[in-house]
Structure formats: C-alpha cells, structure tokens
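Take a look at the structure set out below.
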Amino acid sequence: MSGLILNRRRLIGLGAASAGSLVLAGCDQFDFLGQRNDPVRDFLERANSLTYAAQRALVGQQALAREFSESEIRQGQRPNGSTDPRQNVAEYRTLEANGFAGYKLRITGLVETPKEYSLAELQNMPSRTQITRHDCVEGWSCIAKWTGVPLGRLLDEAKVKPGAKFIVYHCYDVMGGGLSKPEPYYESSDLIDAYHPQTIAAYGLNGGALPVENGAPIRIRIERALGYKQPKYVHTIEVADGFSQYGLGQGGYWEDHGYDWYGGI
Ligand SMILES: Nc1nc2c(c(=O)[nH]1)N[C@H]1C(S)=C(S)[C@@H](COP(=O)(O)O)O[C@H]1N2
Ligand SMILES: [Mo]
C-alpha cells in the first residue's frame, strides 16, 4: 500500500518536520489550498508520502495512542467544522428530531454480508471506552472520553472481502460546493487504522450521549490521526479497494482541499 502512495505522490526528499509545522498553521487558513496548482498545496502533497512512510515505519502497526485519566479532562470537546447538519440536511434533521430512532449505520462495499445497525443495536454491543487527546491542525487539543463499538468487530460481522484496502467513511453533513456539486464530508483510512484496537464507532462522549455538535449519533475515532480524520455524522462505512472514485479523489474532504491523507500523530 505504501508503494502505491509513494508512486502516486512522487516521493522526493522533503523534510517531514517542515511539512508538519506548515500543517499546524490551521484548518481555516488552508481553504485556499483547494486550488489545484497552488505551490503550497503541491509542497504538502509531496511531503505526504514521506510522512506516511516514515510514521508507519516508526510507530509500528498497532501502537496505541496515549490514554489519559479522568482528571485530565479539562473541558468539553470543542466543537469544530460542521456543528449542526440540521440546518441544511433535511434527512439528518428528521433523524435527530426523532432521537435517531430511524438511524442506521450501514457497512457496505467489499463485504460478504452488508450490514445495517440501529443506534440501539450499536449501544448493546460490547463497547470500549477511552480517554484520548484530539489534535486539530488549527493548533488546539482536547482530552475527552469516548465510548463506542470497536470498528473491527463491525467489519468482521460484515466479513471484509479479499482485495479490500481502504475504508471510506461517509457523513451526513455537506461542506459546500454549491447545489449542483455538493461536497459531503467523507474520510478514509487504511485497514490497519480501521482494525486498530482504539478505533471505535463512538456514540458516547464524556459519559453522556454524543451531542449533535460533536457528530451525533455516530462518529469514528481513529486515535492516532489528526482531528480531520475523526469523521462525525457517519451514516455509511464502505469497504473499498481505492478512494479515487470518491469526492475529488484524495480520500477525504480536507484531503481534497490539500491536507495530508495519512494525517498521523
Ligand atoms: N462530518 C464531519 N466530520 C468532521 C468535521 C466536519 O466538519 N464534518 N471536522 C473535522 C475536524 S477538522 C475536527 S478538528 C473534528 C472536530 O470534532 P469535534 O467537533 O468533536 O471537536 O472533526 C472532524 N470531523
Ligand atoms: Mo480539525
């Protein structure tokens, strides 16, 4: 897989450290990176593959993200990005108005048995709770307690087919792009991150239900990745052999607008 990424991204000898500090400058400031031939975007893109290869080699495949104690939770999880899809997504508005009783989390794509889970079904499955730190590229962090179903269990129930390489996470919220070409938020990960023991489909935050502003009813936590790789408002988890067919082809809404695909920390 890293071979594919290295080819596609034309690895050249750029310092991962300097790319990292550039990324830390922030989400919102990078809106201009959506422009295809922006020099800063090109720089980030070339640095990506190096970051991916270097980080995968350094951290090992199943290294755990640091977990914290209850006393280290200092504030609520700061809402960022989309915080209320009720405003412009009718389907989401209806689901929320009914306490998400009609919500289904779908597992589709390269699986032997496509699955659908209601929120209650997910809440009745064996869960995992973890206190971790969320790092946004805008330069802020929050320590929070997340509860959810290990994603690996859901993937196992659906039985991932051979040939699967990526998981694509589809969200309800629409980021822009106009009426003719709406851009729903989406993300993707490799199978290593999807099956990582701390990767969960989360429905709980700091001991309560996950609020709308933080991604209700389900958001994915991939604890060794940056904030934008933590998709909120997820309705479909699609097993795929590539991600070029989704969105603008870079593996996520923010990736389509210039961010690193791997986004590891
Ligand atoms: N669906 C969706 N997921 C999303 C976003 C978004 O706008 N829409 N923003 C991302 C970014 S940049 C961050 S930092 C976190 C914010 O999560 P929070 O609101 O729970 O703090 O969600 C990520 N996942
Ligand atoms: Mo973020």
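A few remarks follow.
- Hits in the range 219-233 - residues which are under 16 Å from Phe166 (Cα atoms) and either near ligand 1 (Cβ under 7 Å from one of its atoms) or of a type outside the set (Lys, Arg) (or both): Ile220, Ile222, Ala225, Gln230, Pro231
- All positions within the range 215-253 that are more than 19 Å from Gly176 (Cβ to Cβ) and free of Cβ contacts under 8 Å to residues at least 40 places away in the same chain: Arg219, Ile222, Ser244, Gln245
- Long-range neighbours under 9 Å by Cβ, at least six apart or interchain, first residue farther than 27 Å from Gln123 by Cβ within the range 134-155, second in a strand (DSSP E or B) and among the acidic types (Asp, Glu): Ser141/Asp135
- Boolean, Gly81 is among the small types (Gly, Ala, Ser) and either assigned to a strand (DSSP E or B) or surrounded by 18 or more Cβ atoms within 10 Å (Cβ to Cβ) (or both): yes
- When residues in the range 104-131 are screened for being in a strand (DSSP E or B) and either touching a residue at least 60 places away in the same chain (Cβ under 8 Å) or within 16 Å of ligand 1 (Cβ to nearest atom) (or both), 10 of them pass.
- Taking the criterion of being among the hydroxyl-bearing types (Ser, Thr, Tyr) and modelled with pLDDT under 95, the only residue of the range 172-183 that qualifies is Ser180.
- Meets criteria (outside any helix (DSSP H, G or I) and within 16 Å of ligand 2 (Cβ to nearest atom)) for Gly177: no
Okay, residues lined up against (1) over 24 Å from Glu121 (Cα atoms); (2) under 13 Å from the mean Cα position of the chain (by Cα); (3) at pLDDT 95 or above:
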residue	(1), (2), (3)
His170	no, yes, yes
Tyr185	yes, yes, yes
Thr199	no, yes, yes
Leu210	no, no, yes
Pro217	no, no, yes
Tyr233	no, yes, yes
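- Scanning the range 132-154 finds no residues that are aliphatic (A, V, I, L, M), under 16 Å from Gly215 (Cβ atoms) and assigned to a loop (DSSP other than H, G, I, E, B).
- Filter pass, Gly176 being surrounded by fewer than 21 Cβ atoms within 10 Å (Cβ to Cβ) and out of contact with any helix residue (DSSP H, G or I) (no Cβ under 7 Å at 6 or more places or on another chain): yes
- Search result, residues across the range 125-153 that are away from ligand 2 (no atom under 16 Å from the Cβ), among the aliphatic types (A, V, I, L, M) and crowded, with 20+ Cβ neighbours inside 10 Å: Val149, Leu151
- Residue in the range 254-264 that is within 16 Å of ligand 2 (Cβ to nearest atom), at pLDDT below 95 and either in a strand (DSSP E or B) or under 27 Å from Pro126 (Cβ atoms) (or both) present: yes
- Every pair of residues 6+ apart whose Cβ atoms lie under 6 Å, when the first sits in the range 179-195 and is of a type in the set (Val, Ile, Thr) while the second is in a loop (DSSP other than H, G, I, E, B): Ile192/Gln61
- Qualifying residue in the range 208-217 (condition: within 13 Å of ligand 1 (Cβ to nearest atom), farther than 26 Å from Ala63 by Cβ and of a type in the set (D, E, K, R)): yes
- Within the range 124-164, if we keep just the residues that are of a type in the set (Lys, Arg) and over 16 Å from the mean Cα position of the chain (by Cα), the residue that is farthest from Ala202 (Cα to Cα) turns out to be Lys161.
- Some residue of the range 193-215 being at negative phi, within 16 Å of ligand 2 (Cβ to nearest atom), in a helix (DSSP H, G or I) and in contact with a helix residue (DSSP H, G or I) (Cβ under 9 Å, 6 or more places away or on another chain): no
The values are calculated or read from the model by the stated rules, or taken from the named source; none is laboratory data. Please read all numbers here as calculations on a predicted model, not as lab measurements. With ideal geometry, Cβ positions are generated from the backbone for all residues, glycine too; neighbour counts draw on all protein chains shown.
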